[in-house]
Each structure stands twice: as C-alpha cells, then as structure tokens.
Amino acid sequence: MYKRQLYGCETSTKENVFSIVEKCNLKNYFENFPKNLNTELSDLGNGVSGGQAQVIAFLRALIGEKELLIFDEATSNVDMKTRQLIFEVIEKNYFSKTILIVSHSDEKLPFINKTIQL
C-alpha cells in the first residue's frame, strides 16, 4: 500500500509514508489490512472500501512538499470519527498551506478562513 502512496512522489520514501501515518494518528486504521501498510493493492483497488480509499488518497495528498492541497469530497465515505481526525490533521499540521476543500456539507470548519457557497 505504501508503494501506491509514493507513486509520483520521487523525493519521498517509505519512511515518509509511515511518518505521515503516525503524524495523522492513523496507524491503528491500517491494522485492519492483512499486512498493514505493506499490503499489496490491486490496480483497481479491489478489497478496499470507499472510506478506506478516501483515507489512502488523503494520506497520499500529504506526501511531499505541496503548497496547495485540494480535497474534493475527501470525507464523504468515512465515519464521523475519521472525518474529525482528518480535519484535525489539516488544522494542526497544514495551516500554512493553501487548502481547498470541496464539500456538499454546509458544516463550518473552524480553520477555514473563507467559504464560497454555490
């Protein structure tokens, strides 16, 4: 799984993935996989739920040095606890980045400084 996280991130390493998982407090989340972060995923992501795929995509977005992070419906398939955890990670660790969150939810997030409602 960590190999998929590194795809397209030439400067990142396996250690970067594990470090981000630790920082995001998601280590326990991956204990449900047969080999934790060493689990091999199929090209189509078979065997991964929608929520698991979103958490994997969220972590992948955090790998590398990016100034702009875009999360499009990043929490639509995760439970409330995981959703809250994802937003806490963004608020605590990525406040200096430009972050665009696209959501159908009208929930006001405390770390958002500008909201555009369409």
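The values are calculated or read from the model by the stated rules, or taken from the named source; none is laboratory data. Note that this is a predicted model, so its numbers are computed, not measured. Every residue, glycine as well, gets a Cβ built from its backbone with ideal geometry; the counts of neighbours run over all protein chains shown.
For the reader, a short list of remarks on this structure follows.
- Being of a type in the set (A, V, I, L, M, F, W, C), in contact with a helix residue (DSSP H, G or I) (Cβ under 9 Å, 6 or more places away or on another chain) and either in contact (Cβ under 8 Å) with a residue 60 or more places away in the chain or not in a loop (DSSP other than H, G, I, E, B) (or both) is a description that applies to Leu59.
- Residue list for segment 19-39, filter: at pLDDT below 80 and either over 22 Å from Asn77 (Cβ atoms) or in contact with a strand residue (DSSP E or B) (Cβ under 7 Å, 6 or more places away or on another chain) (or both): Lys35, Asn38
- Of all residues in segment 73-118 being part of a loop (DSSP other than H, G, I, E, B) and β-branched (Val, Ile, Thr), the one that is farthest from Phe30 (Cα to Cα): Ile116
- Leading residue by the ranking (modelled with the lowest pLDDT) among those in segment 62-72 that are surrounded by 10 or more Cβ atoms within 10 Å (Cβ to Cβ) and in a loop (DSSP other than H, G, I, E, B): Gly64
- Condition check for Ile86: surrounded by 14 or more Cβ atoms within 10 Å (Cβ to Cβ) and touching a helix residue (DSSP H, G or I) at 6+ places or on another chain (Cβ under 7 Å): yes
- Considered as a group, the residues in segment 40-56 that are surrounded by 15 or more Cβ atoms within 10 Å (Cβ to Cβ) and at pLDDT 75 or above include one that is nearest to Lys14 (Cα to Cα), and that residue is Ile56.
- Condition met for Thr98 (touching a strand residue (DSSP E or B) at 6+ places or on another chain (Cβ under 7 Å) and at pLDDT 80 or above): yes
- Of the residues making up segment 93-104, those that are free of Cβ contacts under 8 Å to residues at least 40 places away in the same chain and touching a helix residue (DSSP H, G or I) at 6+ places or on another chain (Cβ under 9 Å) number 4.
- For segment 33-84, filtering for residues that are closer than 22 Å to Ser105 by Cβ and of a type in the set (Phe, Trp, Tyr) leaves 2.
- Boolean, Leu68 is of a type in the set (A, V, I, L, M, F, W, C) and closer than 19 Å to Glu31 by Cβ: no
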